[in-house]
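Notes to accompany the following structure.
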4 protein chains.
Amino acid sequence: MTIRVGVLGARGRMGAEVCQAVEAAPDMEIVARIDADESVHDLTQVGAEVVVDFTHPDVVMDNLRFCVEHDIRSVVGTSGFTPERQDTVRGWLADRPSAGVLIAPNFALGAVLSMKFAQLAARYYPSAEIIELHHPGKADAPSGTAAHTASLIAGARTSAGLDKAPDATTSALDGARGALVDDVRVHSVRLAGLVAHQEVLFGGEGETLTIRHDSLDRKSFMPGVLLGVRAVVDRTGLTVGLENVLTL
Amino acid sequence: MTIRVGVLGARGRMGAEVCQAVEAAPDMEIVARIDADESVHDLTQVGAEVVVDFTHPDVVMDNLRFCVEHDIRSVVGTSGFTPERQDTVRGWLADRPSAGVLIAPNFALGAVLSMKFAQLAARYYPSAEIIELHHPGKADAPSGTAAHTASLIAGARTSAGLDKAPDATTSALDGARGALVDDVRVHSVRLAGLVAHQEVLFGGEGETLTIRHDSLDRKSFMPGVLLGVRAVVDRTGLTVGLENVLTL
Amino acid sequence: MTIRVGVLGARGRMGAEVCQAVEAAPDMEIVARIDADESVHDLTQVGAEVVVDFTHPDVVMDNLRFCVEHDIRSVVGTSGFTPERQDTVRGWLADRPSAGVLIAPNFALGAVLSMKFAQLAARYYPSAEIIELHHPGKADAPSGTAAHTASLIAGARTSAGLDKAPDATTSALDGARGALVDDVRVHSVRLAGLVAHQEVLFGGEGETLTIRHDSLDRKSFMPGVLLGVRAVVDRTGLTVGLENVLTL
Amino acid sequence: MTIRVGVLGARGRMGAEVCQAVEAAPDMEIVARIDADESVHDLTQVGAEVVVDFTHPDVVMDNLRFCVEHDIRSVVGTSGFTPERQDTVRGWLADRPSAGVLIAPNFALGAVLSMKFAQLAARYYPSAEIIELHHPGKADAPSGTAAHTASLIAGARTSAGLDKAPDATTSALDGARGALVDDVRVHSVRLAGLVAHQEVLFGGEGETLTIRHDSLDRKSFMPGVLLGVRAVVDRTGLTVGLENVLTL
């Protein structure tokens, strides 16, 4: 039995990749490709079981509400899911226990695994820093993923009762030691020829542990999207973050 | 309350490090330092609760038996624990349910975490290879840690139903593609200036994930030994592998 | 004054990139785009000063002969230039001292610089090994660039009178220590998600030096091609290898 | 014929290493070991040809003057050689054309080669950044070597007429983009388990080039010291920087 998938935002850059990936998956079947100016109402007629939504913050809530009300599971990559929006979705789901939604800010398995491993390792090392490296067209520094990773590390350090990382620096040029995100140092490199890369460095007496993720192509999100589709079939309620559907 | 620790092999290279580390730990107290020509019988008189054993395959079984019989918990780093030896220890412990033994082939937290993370990541990537890099004085290639990591990856790949890693090589110089350990390629670099290093590389469409461990000093084993001492206080029976006492 | 450039093989993958790159260069002007079924005789009419040839081993010699005879300088990326072919070109150029030809097996500046730096560093380190990492669709192992780099290192080691690299390996799995190219160990990794990468590792007492080149796109050849065009304007005779026109 | 070497500061940490290294070198012979409270006048009696000076900024000028006046060549690793001090030494050497002095701020071959290669590569890449990584006990950030490397890169970029490195960052946390040294971004990581490491990253369209140096031990300075001793035998006048005696 194949999973019947509808793709919202089907002609966007991500949506188009999703269409290709779903078509290539032996256990899935694409039953609807819906773009900006088309109605989601067709989804029920074609019997969509799962919807993948890479649309726009302006329309994603309407899409989601429709899917929840019609018992179509959703995998959402559209950005802008504030805690308020997540609460709204939780409210809808409370009224509809048979529905299920998976929202993921990042579908790159390597990024998700990196964050998870960083969180697990953090409690065991006195030192932790992050270097993220991106193409020079990126507007923000540090990257959202790096900032989120830093928060996860900081949380793990706190709950393990670790002291501040050792650092005897007494004389530093402005900026040399990077940005502080929740007490974790983050360094942002911007270099022609790069795409999106991150290194998390942990250090203790006589050893270091480095977790590096290199992402070259948005195709790298597709295994995560397919994994999300397969997982949401068996999950009701709201799940935030792909890490929660990985076998870890 | 501090943990009363006895060190066996106390004047060996590892044992001496253990003595230092235990002395520096605020929650431990060293109550015995016993070396090759000294008797373990003193351990009971001084009230040792946990013994750390970095001795020799020839004497470790006698040490262990004594500790099990006298309800002293053991953390063992001595090598040579074949499945047969492990079974023997399990037999002793079956008769003494209040006793506890932790045997670990590797106390470097970074190595243990690397192996664990490699095992967790393996199911998500079509490709996996290992590069291990050591000083040129090392006799075996690949390293034991690399071979063990390869086996863990291979096991995870098999249980996830993964195909063989893609590889279109049709023309290769002998040795170029490394050694095969359970169908995982392992490459061994030997270079002056190196100590002990390992990179596990995973690759999928458009992304790679790399887990690297650098070990510069046997001091790097000490946090793992202390962690083992703290853990074995609360564990009866036989535990093999430090990964089983980490919070993962 | 702009350089008047003709592109041979203009509709091939590399040729098309060259056309774009020449058009974007402020100091060049494209005056001819000639493909497989078109004649090179137009080059004289349009006043081409330099030709860039990414065609095919079957036609490149005819192209080159025509350019040498008509005093058009050439930058050649087409493969297959055996020493015999190079001698033939040298013969033509001997009769035509005003002509100039640059043949380069590799236009990626990073690859050319890596090889040059590796050659320069080699005499100073007892140990040297190469790790090359490519996508799993590659047919040969090691890569041509890695094999060439190994030869350059071996040559530098020999002329500096270095002994064999230290290596105490007595027990190795088949292939673990890589392939031997002129006595230099080369390891070939094939991994989904990779493109074309190379690490040259040098090691001595207490230190290592690593030169890494990552190539993600054939666009990376274009700065080297443009540099070749600018250089060949001022060079008569045959030049083999882009390293000879770099300022090093 | 062996080179007769005297070591000044012979019981200091560096001096003691120098003594060992000179003794182990087949083409050298140690003829004097002089420490803080001993006189350099013995050097002439024992027929020292070359002196290696790892002493202190307070005494090094007196040592040097003595050696210049007595035609003993000097290899100097003592710090604090300001341009003024160098001018003073040049003045002495002007009066003594047969004398020779080599002053080097860094004897680690890998560091010297890294800097040289960085300088050579810089003109070919639109982007360049430096990451230096050290143990957490280091007081200054960035390291002196990183700052010097940045200056060399900046100089090469300027003379090649390169524009500023591309960087679209519009929103950055304070410090995220590192420190600016002569318009080159430098990032300083401080991590337990590290010793002294540096990565210079260059990037252009579709490719990156990375030069990494890892230094684990002050033994890594010895090959550079020996190379300096051999070189200064054949060099009169003042030489500043080991790069000037390397075959590059």
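Summary of values
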read-out	value
Residue match in segment B:83-96 (condition: surrounded by fewer than 21 Cβ atoms within 10 Å (Cβ to Cβ) and among the small types (G, A, S))	yes
Residue count, segment C:187-200 (criterion: over 19 Å from the mean Cα position of the chain (by Cα) and either of a type in the set (K, R) or at negative phi (or both))	7
Subset of segment B:218-230 [surrounded by fewer than 19 Cβ atoms within 10 Å (Cβ to Cβ) and either more than 11 Å from every other protein chain (Cβ to nearest Cβ) or hydroxyl-bearing (S, T, Y) (or both)]	B:R230
Some residue of segment A:40-48 being surrounded by 23 or more Cβ atoms within 10 Å (Cβ to Cβ), in contact (Cβ under 8 Å) with a residue 40 or more places away in the chain and on the phi < 0 side of the Ramachandran plot	yes
Residues of segment A:193-220 satisfying the condition of being of a type in the set (A, V, I, L, M, F, W, C) and touching a helix residue (DSSP H, G or I) at 6+ places or on another chain (Cβ under 7 Å)	A:V200, A:F202, A:L209, A:I211
D:I130 buried (at least 24 other Cβ atoms within 10 Å of the Cβ), in a helix (DSSP H, G or I) and either of a type in the set (G, A, S) or under 22 Å from the mean Cα position of the chain (by Cα) (or both)	no
Residue in segment A:172-184 that is farthest from the chain's Cα centre (by Cα), counting only those that are buried (at least 24 other Cβ atoms within 10 Å of the Cβ) and either more than 7 Å from chain D (Cβ to nearest Cβ) or in contact (Cβ under 8 Å) with a residue 40 or more places away in the chain (or both)	A:G178
Only one of D:S127, D:S114 that is in contact (Cβ under 8 Å) with a residue 24 or more places away in the chain, within 14 Å of chain A (Cβ to nearest Cβ) and either among the polar types (S, T, N, Q) or on the phi > 0 side of the Ramachandran plot (or both)	D:S127
Options D:D58, D:D27: the member that is within 14 Å of chain C (Cβ to nearest Cβ) and either surrounded by fewer than 13 Cβ atoms within 10 Å (Cβ to Cβ) or of a type in the set (D, E, K, R) (or both)	D:D27
Within segment A:197-217, considering residues that are within 7 Å of another protein chain (Cβ to nearest Cβ) and aliphatic (A, V, I, L, M), the one surrounded by the fewest Cβ atoms within 10 Å (Cβ to Cβ)	A:L216
Among the candidates A:T169, A:T210, A:T236, residue that is over 25 Å from B:E207 (Cβ atoms) and under 23 Å from the mean Cα position of the chain (by Cα)	A:T236
Check on B:H187, part of a strand (DSSP E or B), crowded, with 24+ Cβ neighbours inside 10 Å, in contact with a strand residue (DSSP E or B) (Cβ under 9 Å, 6 or more places away or on another chain) and not hydroxyl-bearing (S, T, Y)	yes
Among the residues listed as B:V51, B:V59, B:V5, the single one being without any contact (Cβ under 8 Å) to a residue 60 or more places away in the chain and within 22 Å of B:S98 (Cα to Cα)	B:V51
Candidates C:G161, C:G137, filtered to the one that is among the small types (G, A, S), without any contact (Cβ under 8 Å) to a residue 24 or more places away in the chain and either within 12 Å of chain B (Cβ to nearest Cβ) or not in a loop (DSSP other than H, G, I, E, B) (or both)	C:G137
Segment C:211-242, subset in a loop (DSSP other than H, G, I, E, B) and of a type in the set (A, V, I, L, M), residue farthest from A:D214 (Cα to Cα)	C:V233
Test result for B:A122, within 29 Å of A:Y125 (Cα to Cα), within 14 Å of chain A (Cβ to nearest Cβ), in contact with a Phe, Trp or Tyr (Cβ under 6 Å, 6 or more places away or on another chain) and touching a residue at least 40 places away in the same chain (Cβ under 8 Å)	no
Condition met for D:L194 (assigned to a loop (DSSP other than H, G, I, E, B), within 14 Å of chain C (Cβ to nearest Cβ) and either of a type in the set (A, V, I, L, M, F, W, C) or buried (at least 23 other Cβ atoms within 10 Å of the Cβ) (or both))	yes
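Every read-out reported here was derived from the displayed coordinates using simple, explicitly stated rules and does not represent laboratory data. Everything numeric in this text was worked out from a predicted model, so none of it was measured. Using ideal geometry, Cβ is built from the backbone for each residue, glycine included, and neighbour counts are taken over all protein chains shown.
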